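Inspection log for the structure reproduced underneath, given as structure tokens.
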There are 2 protein chains.
Amino acid sequence: MELVLEGDVVRGGSEARERFYDSRGYGHVDGGGLALSPVEAAHLLYRGDVEHIRDGRSDEALDFQALLSSAAVSEIDVLVYKDLRDRGFYLSPAREGWVDGPSGTDFVVYPRGQGPWDDDVAYRIRAISERTAVSAATLGDSVLAVVDEESAITYLETSHPDIAGSSTTDLPSGVAADLLGDRVLAPDPPEALYFEGFYGQPLDDEAGEPLQLSLIEAAALASQGVLDVEGGADAIVECGREVEGERFDRRLAVYRALRERGVVPKTGYKFGADFRTYADVESVDSLGHSELLVRVLPADHAFTPRDLALDVRLAHGVRKRMVFALVAEADADGDPRIEWLEVGRLTP
Amino acid sequence: MELVLEGDVVRGGSEARERFYDSRGYGHVDGGGLALSPVEAAHLLYRGDVEHIRDGRSDEALDFQALLSSAAVSEIDVLVYKDLRDRGFYLSPAREGWVDGPSGTDFVVYPRGQGPWDDDVAYRIRAISERTAVSAATLGDSVLAVVDEESAITYLETSHPDIAGSSTTDLPSGVAADLLGDRVLAPDPPEALYFEGFYGQPLDDEAGEPLQLSLIEAAALASQGVLDVEGGADAIVECGREVEGERFDRRLAVYRALRERGVVPKTGYKFGADFRTYADVESVDSLGHSELLVRVLPADHAFTPRDLALDVRLAHGVRKRMVFALVAEADADGDPRIEWLEVGRLTP
């Protein structure tokens, strides 16, 4: 039985098909024979299922080390393929004609006990090095398999979550407040603002105390007419831009979108995020655990896997879900478009 | 009893001195009278100990809100001063002539039960907004009091730790290895390399398996003559610079410095850091918990408090200490200078 490397395919005959495809899910049926990707061939070589493959151009015999050193395979793909096989999965390289919708994916992984002859898909995997930046806009359907510099692999599941909650408050109007440096102080706030709406932070944790509001909270409230600040919402937004630049506008857009969805955002500073959120606030006295950490990013952001690992690990450690709010430029109506991207740890 | 704002000092007479300095540690004795910083005066106004102070220039009476809105005080300083008073401390504004070594500090905090008439110091505090970038080179002696956008305060202790361990290994020499993409593979490694020295990661977790090494590990080993790679250590360093730029040189310098100190660095990828470290490795089979997370930064780095909060929170959550390795350009001997900076949570 011979396997021959021809361009980016390793070809075998009907015996190879029976032995590797029919019983163990390697490769793709090609006429009566077998087509393998070089990654699959590397795995068979590593396992010792075959000792050599023949390089069709040079007639050289290639062993595992020789194939790995060649340009035919990426060592990242080989490591991820091996890891998933070790975990008991069958998987197919995502090639046009081999699997449905291969775009943006390196491997299609089948549920345990199933293979390329079935229709179900467990995961769509993108295999990357920890040094590869990943465009945020391309995530949401796939699982990232990140190979770190010492070749350990971690999996990150990405999805587009539905962000919704039940928090609503009837707000007063015309509450007097002053802009002080990079925050706002309402000396004599109505109770509803903090105790029901969870806006701001009292200077001391009691009713009747002056209420400190972040620039984001104050800008949102001033534009709704709730706060009365000299210069109006514009003065607050201007101050926000001075201290944060364009980032302030993105964060304000996300703050508003979350409030509109019935979710209360509070600062995520202690977790290194923009916001932590509470989906169901009835009153501050009966506050539950915050569910999400939200980091606000421009829509064209590219993640470095290490930064992703940091955020996801932290969120996991404090039992919250990590959500990225990707803010694109405003549409024709002037509303910025926000895409929600959740990233979580996965053990396949 | 009258308090008068004159420039950046609020002055009172002997009655004020008795009432505020002698019994409660506010201000600084000035002749027979009292000199207060505007921050201290703001706190007395907030508490209602005095109702107004007089603005010496305009003769206006200023209440708490008016003083806070003026340029005489920073609201960040007022919030931090209040928080430390609320925690039961006496503290002095770090002014020349008021405290020893005021440079780079906003407040000197005395141990509980002590005050400005004693010599002991509990903390030297720098009060900043979460939006203020902090130059790494200025840290190491002080406590950062960070006021987040919602005016909550967290304290970060900074110090220069002594990094040392007891890990040493007798290493073989001339071990054959190949450079593959952004990692190195030794097909037939001696056992000591991984099992005693904790270099690399076997392709499967068993003796006799090919050993994967990171570029950092491989570059360090090749320059010691342990690894034999085509092109030598230079080829590995070149590859490292291609994928990481100057950051690779900094990380390699820190890797070497840690190994020289008897500390074993392994990748910190899963924690979003450069390295996690083990101080006392005898063999991989008896490996303990890793003690430090190390992030490598150029010596002129400026932290944003939010990034610091993220690192410190994560390290705390996984029971490790967060250490920054600040790498300056090489000295005359060609050795890069490394300063170690530890940052941890503090509850005063």
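The values are calculated or read from the model by the stated rules, or taken from the named source; none is laboratory data. Just so it is clear, the structure is predicted and the values come from calculations on it, not from any experiment. Cβ placement follows ideal geometry from the backbone for every residue including glycine, while neighbour counts extend to all protein chains displayed.
Overview of values
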quantity: One residue from B:LEU310, B:LEU292, B:LEU314 being under 16 Å from the mean Cα position of the chain (by Cα), of a type outside the set (D, E, K, R), buried (at least 16 other Cβ atoms within 10 Å of the Cβ) and more than 14 Å from chain A (Cβ to nearest Cβ); calculated: B:LEU292
quantity: Which listed residue, of B:LEU297, B:LEU308, B:LEU314, is in contact (Cβ under 8 Å) with a residue 60 or more places away in the chain, of a type outside the set (Gly, Ala, Ser) and part of a helix (DSSP H, G or I); calculated: B:LEU308
quantity: Residue within the range B:138-150 that is part of a loop (DSSP other than H, G, I, E, B) and over 30 Å from B:VAL327 (Cβ atoms) present; calculated: yes
quantity: Given (1) among the polar types (S, T, N, Q); (2) in contact with a Ser or Thr (Cβ under 9 Å, 6 or more places away or on another chain); (3) away from chain B (no Cβ under 14 Å), number of the condition A:THR277 does not satisfy; calculated: (3)
quantity: Given (1) over 18 Å from A:GLY232 (Cβ atoms); (2) within 11 Å of chain B (Cβ to nearest Cβ), number of the condition A:ASP178 does not satisfy; calculated: (1)
quantity: Boolean, A:ASP162 is at pLDDT 95 or above, out of contact with any strand residue (DSSP E or B) (no Cβ under 6 Å at 6 or more places or on another chain) and farther than 30 Å from B:GLY181 by Cα; calculated: yes
quantity: Residue match in the range B:287-300 (condition: within 18 Å of B:LEU221 (Cα to Cα) and among the charged types (D, E, K, R)); calculated: no
quantity: Members of the range A:141-155 found to be surrounded by 21 or more Cβ atoms within 10 Å (Cβ to Cβ) and at the interface with chain B (Cβ under 7 Å from one of its Cβ atoms), listed by number; calculated: A:ASP148, A:GLU149, A:SER151
quantity: Subset tally (residues that are over 30 Å from A:GLU242 (Cα atoms) and loosely packed, with under 13 Cβ neighbours inside 10 Å) for the range B:101-140; calculated: 7
quantity: Residue count for the range A:221-248, restricted to those that are closer than 21 Å to A:ALA328 by Cα, away from chain B (no Cβ under 13 Å) and buried (at least 18 other Cβ atoms within 10 Å of the Cβ); calculated: 1
quantity: Count of the range B:31-58 residues which are under 36 Å from the mean Cα position of the chain (by Cα) and either within 18 Å of B:LYS82 (Cα to Cα) or at pLDDT below 95 (or both); calculated: 12
quantity: Residues of the range A:64-75 satisfying the condition of being assigned to a helix (DSSP H, G or I) and facing chain B (nearest Cβ under 7 Å); calculated: A:GLN65, A:LEU68, A:SER69, A:GLU75
quantity: Within the range B:185-210, considering residues that are more than 10 Å from every other protein chain (Cβ to nearest Cβ) and not in a loop (DSSP other than H, G, I, E, B), the one surrounded by the fewest Cβ atoms within 10 Å (Cβ to Cβ); calculated: B:GLU191
quantity: Boolean, B:VAL284 is surrounded by fewer than 20 Cβ atoms within 10 Å (Cβ to Cβ), within 14 Å of chain A (Cβ to nearest Cβ), more than 14 Å from the chain's Cα centre (by Cα) and more than 28 Å from B:ILE153 (Cβ to Cβ); calculated: yes
quantity: Of the criteria (1) charged (D, E, K, R); (2) part of a strand (DSSP E or B); (3) crowded, with 17+ Cβ neighbours inside 10 Å; (4) within 13 Å of another protein chain (Cβ to nearest Cβ), which one B:GLU342 fails; calculated: (4)
quantity: Candidates B:ALA302, B:ALA328 - the one that is within 20 Å of B:ARG256 (Cα to Cα), surrounded by fewer than 21 Cβ atoms within 10 Å (Cβ to Cβ) and either modelled with pLDDT under 95 or more than 14 Å from chain A (Cβ to nearest Cβ) (or both); calculated: B:ALA328
quantity: Residues of the range A:151-174 satisfying the condition of being over 12 Å from the mean Cα position of the chain (by Cα) and outside any loop (DSSP other than H, G, I, E, B); calculated: A:ILE153, A:THR154
quantity: Criterion violated by B:HIS43 - all others in (1) touching a residue at least 40 places away in the same chain (Cβ under 8 Å); (2) in contact with a strand residue (DSSP E or B) (Cβ under 6 Å, 6 or more places away or on another chain); (3) part of a helix (DSSP H, G or I); (4) not basic (Lys, Arg) satisfied; calculated: (2)
